[in-house]
Every structure is written in structure tokens, then in C-alpha cells.
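This report concerns only the one structure given below.
The values are calculated or read from the model by the stated rules, or taken from the named source; none is laboratory data. Note that this is a predicted model, so its numbers are computed, not measured. Note that we place each Cβ from the backbone using ideal geometry, even for glycine, and neighbour counts take in every protein chain shown.
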Amino acid sequence: MPAEILETILDTVGNTPLVRLSRLADTIRTPVVAKVESLNPGGSVKDRVGLAMVEAAERAGDLKPGATIVEPTSGNTGTGLAIAAALKGYRLVCVMPDKMSSEKIALLRAYGAEVVICPTAVPRESPQSYYSVAERLAREIPGAYQPNQYFNAANPAIHEATTGPEIWRQSDGRITHFVAGMGTGGTITGVGRALKKQNPSVQVVGADPVGSIYSAGANFTPKIYKVEGIGEDFLPSTMDLAIVDRIEVVDDKESFLMARRLTREEGILVGGSGGSAVVAAMRVAREIDNPEALVVVLIPDTGRNYLSKIYSEEWMRANGYLEQFPAHSVGEVVSQRAHENRLPPFVGVQARDTVRAAIDTMQQYGISQLPVVEGADGMEGADDSRMVGSIQERTLLDRVYRDPSLVESSVGAAMDPPFPTIGHNADMDEAFDLLLGGAPALVVTDRGERPVGMITKLDLLEFVSKHSRRGHVHR
């Protein structure tokens, strides 16, 4: 058996896996998988770009032995450049905005890069902006070269040549939607081009922070946002907006809370921009609601660069991100109830069944109320099923006590009115309002109005109790 020994760490860049998000998307019929770029050696998708830009510059003769590379970066491209520079013998100067995490700065210095910090809250044309400072340093340092990922064709080209074809191959051509954050535009442009060459109907979706030019367009008003690595206040040439079919705007709070969920529920440690992309992917997947579709979302970097920020309770609270929490759907409550209680998602009885059979079913599953249906088998919603009533322990006891022979009658003769229904994508607050308003239980239905589950006040209490410990839910 031949030895599997790579020549350098640069040989490990790329060929990252697709991983199914089975827990986050467990209430969504559309499968969602992640392209986990955080498994690159430097921890991000920018390892591809850093190496590609260096090698393109070497081929063009722009980088001479021992030269200095100067780059404006949010940190991840700097890391990719730093790995390449360390192996190829270049000096690297990274110019960063001051909103970047301390971990990113420390990481760059660990690889031997020099880091220059500039203010975030200045326009791009300001002499103080990190773009302007990088351009000045590139002019002033003898023999310096600035790859400039915002205007370097090697940026989208490497994704068109590697990342996009990898996704097509790994998904066996089944991908229908690709979702990624939009920063320089290199990733979404290159991957989008590669996928649309294979199948022009593949939809490309960009995640953009509030305050970025991509989603604001002609009405652009610059706003400061805390998510790192995506969004811009100008249009880089590496971004081809014609490739992007749809843009989803995601705010900082949604991004950071989703990143924390990815880490705690899927075991994938991600940064805020990865959280943004997954928020957008979940929106798209819910809207599609098609098990034959396949949403692929790109996770651009690891959360290890953000331990002092989005994974710090103190930082999150200081910035107002743990004061309120994102809404959960009714479908999530149904899934938790079925998983923890080992119940089928939906348990019901037929109107033609006997009352005795209904009592046996309640005893079997340890429940005190059952929906009554016609046209289904009593366990899973069928296309022709409809709700006709309910069996409730309290009223049934009274009736059977008064007339014991009722146990041999059909359920239809002893049932109460049907439970109210609620869609599986409805916000949990709506379920709270209905149950606190007097409904004994709610039947959860899919888009075709078929019953797919049932929830009670106790189910909501158990859900809130579990997720409030994680910092996920607030009423």
C-alpha cells in the first residue's frame, strides 16, 4: 500500500466535504447540506484564494523571490496568503479594519505576518481606510505586490475551477440551490458560474448583511455591521451580480445566533458569515418545501476566530444579541416531542374505531387526547384525510362513567369538536396564543392541510425549558 504523504500543507487546500444539516433542518422537507470550507488548513475558504493569487502572480512575474505581499483583508484571505508566504519565502503585511476579532490578528501574527489596523467607520476613499492604507504601503515598500482580492481575477477563477466542480461532483449533480455570503464576490461568482455551466437552472442565492451595497443597490446608505467578511460599501470587479438570482438580507443578530446553533446542534464551529449563509439557506429551503431539491450552503470559515466575540456570552449580551432570540417554528416543537417521547409525529384515531380502541391508543402512548380523522390510518396524515373531531380524556371519562356501554360504540358517537389546526411553519408564538386562549391541543398540518403532528401546553413548556438553557428561545 503506497504511503499517503503530502509534500506540503498547501496540498491539503480544497476538496472539503459536503455535510448534511440534519438537525437544524429536521423540520424542513428540503434537504440542506453544507460545504464545510472551515476544514481547509487555514480554517477558511480563503485558503484557496490566497494560494491561487500568489501562484498567479508568480506565473505573471509580479512576485519576485523575497518580495513583500501587501493585502487589505478581513483576516481569512490574510491567513491563506500567510500560509503560502511562509512556504514560499515572502514577507506579508495584512491591513485590517478594527472590527476584526483579536483571534484573527493573533493568527496572522502566528504565521509571521505583520498586521496594520485601520478604523472601520470611514469611507473607502478615506486615507485612513484599510483599502487606502494597503494601497499606500504597496507603493511605499520597495518591490511590494498587492494581490487585491477585490479586483483579482484569480479569486473567482479558483472557485470556478475547484469549489464549484467539487460541489457538483459531491452532490452527484443534484444541487438545485447554492447559497453563500457575498464579500469580494469571488466565491459566489466562481461557484455560480461553474454550477450554471452544468445546469443553468441552478439558483444562486447570496446572503448579505444589513448596510451592504449588494442588497441596498441604488438606495445604498452605508451602515456599520459587526458580521465579518461579507458585505461591501463598493462594487468589487470580482463580483458578478448577474450570476446571483436572489439576495437574502440577514442582520447581525440572526447571523450570530445561527452560528451558535450550528456549533451546538451540528457540531460545526462556524463564524458569523457562515451563520448568515445558513439563515438564508433555511429561508430558501422552507420556501421550496421539496424533498427532491437540494440546497448547498457554503460555510466559509471556522468559529475559532470568533471565540472572544460571538461565542462569548459577555460580548453577545453587551451588544444586545442575547436579549431576544429568533423565533422557532411549530414544526420544531413537534420534532422534539416525537424524538424525546419516542412517539410517531401524529397519533390519531378513525371516527369508525371503537371508543375502547381509542382508550387503548391513549394508554399505549401515554397521552390524554386524540384527534379524530377520516380518510387516514390514524398514524400519518394521508392526502384524503380530514379532521372530524377529538377524543379528550376529561369529557370521555364523564360520558363512559354515565354509560359504560359507550366503550363499544364508535368514536364518532363520543367525540368532541376538532382541535384547532396550525401550520408546521407557523411561529411558536402563534401556538402559545391559541393554547393560552383555551384550545386543549393543536393539530399541526403541512402545506396540504394534512395532519402531521399535535402539540399541547406541556409540549411548549418542555420545548421552552430545553431551549432557554441554550439561549435559543424567549417569549
Considering the range 400-429 alone, what residues qualify as being within 46 Å of the chain's Cα centre (by Cα) and either part of a loop (DSSP other than H, G, I, E, B) or among the basic types (K, R) (or both)?
M415, P417, P418, F419, P420, H424, N425, A426
So the check is Cβ under 8 Å with 6+ separation or different chains; which pairs have a first residue in the range 416-437 that's closer than 17 Å to S335 by Cα and a second one that's part of a loop (DSSP other than H, G, I, E, B) and among the hydroxyl-bearing types (S, T, Y)?
H424/T27
Would you confirm, using the coordinates I've provided, whether E160 is at negative phi and surrounded by fewer than 21 Cβ atoms within 10 Å (Cβ to Cβ)?
yes
Take residues that are assigned by TED's automatic domain parsing to the domain that holds A67 and modelled with pLDDT under 95 and tell me which of the helices (runs of 4 or more DSSP H) falling wholly in the range 121-176 contain 2 or more.
130-140
Go through (1) within 28 Å of Q336 (Cβ to Cβ); (2) in contact with a strand residue (DSSP E or B) (Cβ under 8 Å, 6 or more places away or on another chain) one by one and return the number of the condition G412 breaks.
(1)
Any chance R304 is closer than 23 Å to F463 by Cβ and either part of a helix (DSSP H, G or I) or modelled with pLDDT of 95 or more (or both):
no
Say we look at the range 231-288 and pick out the residues that are surrounded by fewer than 18 Cβ atoms within 10 Å (Cβ to Cβ) and of a type in the set (G, A, S); which of these is farthest from the chain's Cα centre (by Cα)?
S237
Are there any pairs with C-beta distances below 7 angstrom linking a residue in the range 302-323 that is closer than 27 Å to G78 by Cβ and in the same structural domain as I268 (by TED's automatic domain parsing) to a residue that is part of a helix (DSSP H, G or I) and modelled with pLDDT under 90, with the two at least 6 apart or on different chains, and if so which?
R304/E103; N305/E103; N305/K104; Y306/E103; L307/E103; S308/S102; S308/E103
Out of G448, G381, G438, G453, report the one residue that is at pLDDT below 85, under 16 Å from V347 (Cβ atoms) and in a loop (DSSP other than H, G, I, E, B).
G381
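For (1) surrounded by fewer than 16 Cβ atoms within 10 Å (Cβ to Cβ); (2) of a type outside the set (A, V, I, L, M), each residue gets a yes or a no:
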{"position": "P2", "(1), (2)": "yes, yes"}
{"position": "D11", "(1), (2)": "yes, yes"}
{"position": "L24", "(1), (2)": "no, no"}
{"position": "V32", "(1), (2)": "no, no"}
{"position": "S38", "(1), (2)": "no, yes"}
{"position": "G43", "(1), (2)": "no, yes"}
{"position": "K64", "(1), (2)": "yes, yes"}
{"position": "T79", "(1), (2)": "no, yes"}
{"position": "A82", "(1), (2)": "no, no"}
Of the listed residues (S237, S215), the one being among the small types (G, A, S) and touching a residue at least 40 places away in the same chain (Cβ under 8 Å) is S237
Pick from the range 13-22, criterion over 14 Å from the mean Cα position of the chain (by Cα) and exposed (fewer than 15 other Cβ atoms within 10 Å of the Cβ), ranking: farthest from H328 (Cα to Cα):
N15
Any chance you could count how many residues in the range 202-220 are part of a strand (DSSP E or B) and either over 20 Å from the mean Cα position of the chain (by Cα) or buried (at least 23 other Cβ atoms within 10 Å of the Cβ) (or both)?
5
Pairs where the first residue, in the range 80-108, is under 23 Å from Y311 (Cβ atoms) and the second is modelled with pLDDT under 90 and surrounded by fewer than 19 Cβ atoms within 10 Å (Cβ to Cβ), C-beta under 6 Å, 6+ apart
P97/T120; D98/P119; D98/T120; K99/T120
